[in-house]
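Below you'll find the structure, written out as structure tokens, and then a few comments.
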Amino acid sequence: MNKLIQELQQAAAERETRRHFLHTCSTGLGAMALSSVLGSCGFFGKENPQSNAVGSALPSGEPTAPHPSQYIPKAKRIIYIHMAGSPSQLELFDYKPELAKYNGKDCPQALLEGKKFAFIRGTPKMLGPQGKFAQRGQSGAWVSDYMPHLQGVVDDISFLKAMHTDQFNHAPAQLLMHTGSARLGRPSMGSWVTYGLGTENDNLPGYIVLASGGKQPDAGKSVWGSGFLPTVYQGVQCRTDGDPVLFASDPSGISRDIRKQTIDAISQINQQQYDEVKDPEILTRIAQYELAFRMQMSVPDAMDIKSEPQYMLDSYGVDPNKGSFARNCLLARRLVERGVRFVQLFDWGWDTHGTSADGSIDIGLKAKCQESDQAVAALLNDLKQRGLLEDTLVVWGGEFGRTPMQENRDGQTLPFMGRDHHLEAFTVWMAGGGVKKGFSFGETDDIGYYGVKDKVHIHDLQATILHLLGFDHTKLTYQFQGRPFRLTDVAGKIVKPILA
Amino acid sequence: MKTSWVLFGALGIGTTVMLSSFLGFFEKRVDYNTQVKPLLNKNCIVCHGGVKKASDFSLLFKHEALAPAKSGKPAIIPGDADASEMIRRLTLSDPDERMPLDHPALKPDEIDLLRKWIDQGAEWGDHWAYQPVQKPEVPKIGTLWSRLGIAENDETNWATNEIDHFILDKLKQDGLKPSPEADRATLIRRVSLDLTGLPPTEKEAADFLADKSANAYEKVVDRLLRSPAYGERWTGMWLDLARYADTKGYERDPGRKIWRYRDWLIKAFNEDKPFDQFTIEQLAGDLLPNPTDDQLVATGFHRNTMTNDEGGTQDEEFRTAAVIDRVNTTWDVFQGTTFACIQCHSHPYDPFTHDEYYKYLAFFNNTRDEDVTSDTPTLRFYKPADSLKVLDLQQYIASAVPTPKQAQATIAQVTHLLRTVEPKINSHDFDQYVNASLLDAKYFGFQDKGSCRIKNVTLTGRPRLLIKWGTKATNATVTLRQDKPDGPILAQIPTPKPGKDTVQMIALPAVQGRHNLYLSLNSPEKPKDWVQIKWVAFTPVLPGQPQNAIGEKDKLLLELLNADAEQTPIMLDGSGDLVRETHIFERGNWMVKGKRVSPDVPKSFPAMEPKLPKNRLGLARWIVSREHPLTARVAVNRFWEQLFGTGIVETVEDMGTQGIQPTHRELLDYLAAEFMETDQWSVKKLLKRMVLSATYRQQSSATPEMLAKDPFNKLLARGPRVRLSAEAVHDQALAVSKLLSQKMYGPSVMPIQPDGIWQSPYDGESWKQSTGEDLHRRALYTYWKRTAPYPSMVTFDSPSREFCQLRRLRTNTPLQALVTLNDPVYVEAAEHLASYMRSQGQTPEQQIQAGFRQVMLRDLPPKKLAVLVRLYRATEQYYRQKPGEVDKLLDRPGADCSAVSPQLAALTVTANTMLNLDEVITKE
């Protein structure tokens, strides 16, 4: 193996000018060689730290402003918890006693004119907050009784209460959140991060996705796709049924030992082939087969939570035999512990319109909170206890918010209490690596309709996340269709006040 | 004073001109394209180019660069570098003044070069790829005697055609020698995989090895070019460019039946439809005179754009997105130039302006597709019984119309209506809603007392209203009025019976001219139930049918319009009331419309010939005109890349100024010229030319000297060695294990796929595994869902096909290993290969050799054989001891139980190993 690595490095050095995908990058795209490749190829300004790689595609800023330096990362890895469908901020974090006063009254026309809603038609009625709010922890963060466990960890959290987006349908809003664009085809945040940082663990994919709630997010696999980036950077979905990674299990009747022998045979013959034809790609292939073999061991191992002690399972509220959001939270900890760079959780079922009991804010939302609250709090505590929270960023949120009005789908009164999609205001929180503890940023108006102070757009959130991971979001770019692309498109401002 | 200044100036220019031409004797002229433009692009254009023109100075166009800047004087004075502000600013020491601002200064030799260029007159040159294709002279090789065939010479002996002359010429400059021809087994495998996507059979290889005739190889090439598999292989490539998929994309990503377009491609490649015609039919087949079904199906190329069926999305937004995608894809595919930048602003690097984007877009902006759920317009294929009725109707018209010419026109109009249900007005265009809504943001609906307007309808000669609608309401009536909500009543129409949407026909009184029409609903029984309208159309009356009532033949027409028919999306242009205007979108935002533009091509290219129509057809003919500098170059480069692994211009997607410089520019031009002139756009002739070259036939192994001098084989001193495409990896495994089905064409199939790949949030569509031979079709027939493409294809670098992808970047990942090791498709292939191996010998050595020959058409060398035999013996022993494991490995549906044995299990493991060897998944 040592000899192989040496040869690989030598071959890589010989091919320094190869433009395989990153104009000046060497070697093939093996994940094994990724971190070293990425570290050495100067793909975002390393060659020339002063170069403004994306300036050409940007509207002019201050031409004389100093170029920001490269940052030292505060977070080395990230767990992004996406509550697909979008939880109601008005029931959970954004306490609006004024809204209670208007409960049942017609929505003022001023709030409706020129607005488009996914389902609200005509004049809906206002709907007061359904949760019971109180200030929690030292920091006095407002959290409702829907999330009793989270109340205990608020002093580790920074709330962004005046988030806003451009999209009021699930799929485009999720795409905007994760790829920076509402249209399909752009790389996801996790792809950008693995493209930029590589992976810390050679035996596991650098970007892993776990989904719960019975369905994939509305926007499908595109929210963890690599878009125009090479496919090595796409998220690998670890599935809750069947193989955790597709085709990671040996076929029935082929034992580990036999698989080891076949990989050895393949490597030996490939080595002989290399000796004959000297194609360095063969060395990469040998390395990839050996990595595949190790992944076959390490992925199931990482995914096997039965090895966790019972008290740990209890603290997350996990039934080890069932796929669940709580299980995914525990898995997320196991994965970041093993050096996975980007763990993306999706939990489906937060879309509470009021069309059914499950999809209501008084019954369904409460149930979703009960399913998830304990696990999220446990995850933060667990990370903290292991000293991982310092350099692990945890992000929690949906793709948009929910209206202060009760939904009246197609002008009808719905059987349950619900709120429509709302793009003007919602809450996202972050904890860990590089963000302030026990902090709240941004305010909405008295009824939670508009952000009125310290608004944060999706692109700002993305810029901030990249910043915490050590990137200047304007310089993490990739040349495609004749221009450099980036996660934050042509926008994005770092939310500096929340940085620790 | 003034006069003397002018005089002095003139004198000055005279002197510099003389001086520079004098210096020209000693100094090589600076070449703008290769020397100056790269410098400007790298250092200046970001601030002084298309997007930004800092200090009003831009270097993009000559007229801009020589015009006075903000200071009032030009920054470049041709012939006088010393007087040019540009040079002064490059050489200052004050960091606030020195250019490039906040960036390191240019190197002295770079500044010298710019100085020289300005002194020589600051001549602008067009980018090489924007200049017309001229056939360059073929470099001479060998000696005069060897060229005459009198003397032996290595070079003339090696070369087989002109391609080799260009390659050799360059190799000599770099002190490299070409490689000898690959052995025949390797060569036939290479050329078979390249031309048909499939490996040769053992018999084909043996025949070639035994054929001693001088043109043995050419015979193989000719056979491959005639093989039906040829069309399938090249269609596989084209599907990425056409962003072909079996679903519509976006959130819901429901199914779309457009496989007839895929089949059209296969036939077009197989019949070697000339590339110019191939292009015209795909871009504008519908605008050809009396288009055939095939020509209409070909326009599916641009109907592969995504359609958004999600609730609440605006059809116009996504119609616009589709049109923009068509513009970008047309440039990407045929012109190898990224045009998308100028959607928002003038191009930062290439000579295109913002306006020109929208002029070009205007060619595409007139099609009838409007992001509606039904994906119309479509071409309808009637069931046989209904086809007979269509014939009946046509015959009736022929008999009912007095003159044949008139009959022909009427038949054409009615047939067009029956086959495409166009022209029609989609209901999302209705406005002035009262008690009405665009239901799910898709189709118009109204409730009791509701109403709406249909704008600007020409009624002259169209006394029939066709309406497709449905409702749950009962005993409701819709009133159609002219000009005003309370204007004259044209018709009172009872709503259809509750149930499926139907097309109805209503006779209208004869009305002349263009009118606004008003629909109002009276629905007292069920006032809250929606009446939903999909579309309306106003048509002429069939000949011989009553004006004021629905006649027999009217009913036949209606029956056909309501008949179930298979459909495939096509392009059709709107005419009359349905013609669309095109406006510039300010900064690329479709909501902010700027000035109106009409169709035209960018000024940097040859103008369209005046006789060409200013529509898609004219555009398509312009694209394939001999004068167009890009189309042939781009096509030739793409085919070259497919064979050699890298294009002559590596950036196949970009031949513009940001693309990578060609390695063999003259060769590219030579091939482009031959492609257009000698070969008359025949792709088969082009490919034959390439694969017959000695360059292509070289062995692919490298020597240390080659690796040192040319690590990436840009100069081609050796043959191509690249990993197979996703399709070829799959098809080869099925072919060598004799599982591959020969079946061609038809709806896409669903081979074995792990559970849980498809999760459609709303519509619950699912992967229904195919049966019989459809389990083992070539990869290009696999059902392609954009949001969840077939996993092993994606792992081997297929794009998701949401947008046109011009080049697959080859990756080398552990997930690929897991596919070919463990994917049941590959395990099944290994098992079948093992059965074959067992039948081919007594000893493991014989069996393994037989298996390897089946895959690689040659024997394994002893050292490699020894590795596999060792593996075989170890596994056989294991399976002997664990018979239960044998059953687990081999027990699959359809397996022959009597054949199950430890030997077969061990051979299966050996075959599985063999199918994972680097040389097997690589084209050598």
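Assorted remarks:
- Qualifying residue in region B:767-783 (condition: among the basic types (K, R), farther than 24 Å from A:S226 by Cα and without any contact (Cβ under 8 Å) to a residue 40 or more places away in the chain): yes
- Strands (runs of 3 or more DSSP E) fully within region B:408-484 counting 2 or more residues that are of a type outside the set (K, R) and either closer than 25 Å to B:G311 by Cα or without any contact (Cβ under 8 Å) to a residue 24 or more places away in the chain (or both): B:431-439, B:443-458, B:464-471
- Residue within region B:774-791 that is more than 24 Å from B:E181 (Cα to Cα), in contact with a strand residue (DSSP E or B) (Cβ under 6 Å, 6 or more places away or on another chain), facing chain A (nearest Cβ under 10 Å) and assigned to a loop (DSSP other than H, G, I, E, B) present: yes
- Within region B:185-200, not a single residue is without any contact (Cβ under 8 Å) to a residue 12 or more places away in the chain and part of a loop (DSSP other than H, G, I, E, B).
- Entirely in region B:814-871, the helices (runs of 4 or more DSSP H) that have 3 or more residues that are under 36 Å from the mean Cα position of the chain (by Cα) and without any contact (Cβ under 8 Å) to a residue 60 or more places away in the chain: B:814-822
- Taking the listed residues A:S181, A:S191, the one that is of a type in the set (S, T, Y), in a helix (DSSP H, G or I) and within 14 Å of chain B (Cβ to nearest Cβ) is A:S191, with no other qualifying.
- Long-range neighbours under 6 Å by Cβ, at least six apart or interchain, first residue more than 29 Å from A:K221 (Cβ to Cβ) within region B:730-759, second among the hydrophobic types (A, V, I, L, M, F, W, C) and part of a helix (DSSP H, G or I): B:V736/B:V855; B:S737/B:A829; B:S737/B:L833
- In this structure, B:P68 does not qualify as more than 26 Å from B:Q658 (Cβ to Cβ), within 14 Å of chain A (Cβ to nearest Cβ), out of contact with any His (no Cβ under 6 Å at 6 or more places or on another chain) and not charged (D, E, K, R).
Quick grid of which residues meet (1) at the interface with chain B (Cβ under 7 Å from one of its Cβ atoms); (2) surrounded by 21 or more Cβ atoms within 10 Å (Cβ to Cβ); (3) not aromatic (F, W, Y):
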site: A:G206; (1), (2), (3): no, yes, yes
site: A:G213; (1), (2), (3): no, yes, yes
site: A:R256; (1), (2), (3): no, no, yes
site: A:D275; (1), (2), (3): no, no, yes
site: A:Y289; (1), (2), (3): yes, yes, no
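- For region B:106-113, the criterion of being modelled with pLDDT of 85 or more, within 14 Å of chain A (Cβ to nearest Cβ), assigned to a loop (DSSP other than H, G, I, E, B) and in contact with a helix residue (DSSP H, G or I) (Cβ under 9 Å, 6 or more places away or on another chain) is satisfied by at least one residue.
- Condition met for A:A134 (out of contact with any Leu (no Cβ under 8 Å at 6 or more places or on another chain), of a type in the set (G, A, S) and buried (at least 24 other Cβ atoms within 10 Å of the Cβ)): no
- All positions within region B:220-271 that are among the polar types (S, T, N, Q) and not in a strand (DSSP E or B): B:S227, B:T235, B:N270
- Of all residues in region A:85-135, those satisfying the criterion of being free of Cβ contacts under 8 Å to residues at least 60 places away in the same chain, farther than 17 Å from A:C369 by Cα and of a type in the set (K, R) are A:K101, A:K105, A:K115, A:K116.
- From A:L330, A:L313, A:L345, residue being closer than 29 Å to B:D823 by Cβ and hydrophobic (A, V, I, L, M, F, W, C): A:L345
- Considering only residues in region A:434-483 that are touching a Phe, Trp or Tyr at 6+ places or on another chain (Cβ under 7 Å) and among the β-branched types (V, I, T), the one that is farthest from B:N41 (Cα to Cα) turns out to be A:I447.
- Test: residue in region B:97-104 that is touching a Gly at 6+ places or on another chain (Cβ under 7 Å), within 30 Å of B:V649 (Cβ to Cβ) and not aromatic (F, W, Y): no
- Whichever residue in region B:235-291 is among the polar types (S, T, N, Q) and under 29 Å from B:S575 (Cβ atoms) and, among such residues, is modelled with the lowest pLDDT: B:N290
- Residue in region B:50-60 that is charged (D, E, K, R), under 34 Å from the mean Cα position of the chain (by Cα) and at pLDDT 80 or above present: no
- The residue list B:F318, B:F278 contains one member that is within 12 Å of chain A (Cβ to nearest Cβ), in a helix (DSSP H, G or I) and not charged (D, E, K, R), which is B:F318.
- Once region B:430-456 is narrowed to residues that are of a type in the set (S, T, Y) and within 13 Å of another protein chain (Cβ to nearest Cβ), the residue that is farthest from B:D486 (Cα to Cα) is B:S437.
- Checking A:G470, A:G418, A:G434 one by one, the residue that is touching a helix residue (DSSP H, G or I) at 6+ places or on another chain (Cβ under 6 Å) and either away from every other protein chain (no Cβ under 14 Å) or at pLDDT 95 or above (or both) is A:G434 and no other.
- So B:R778, is it buried (at least 21 other Cβ atoms within 10 Å of the Cβ), in the same structural domain as B:N916 (by TED's automatic domain parsing) and under 30 Å from A:V209 (Cβ atoms): no
The values are calculated or read from the model by the stated rules, or taken from the named source; none is laboratory data. Here the structure is a predicted model, which is why all the values come from computation and not from measurement. With ideal geometry, Cβ positions are generated from the backbone for all residues, glycine too; neighbour counts draw on all protein chains shown.
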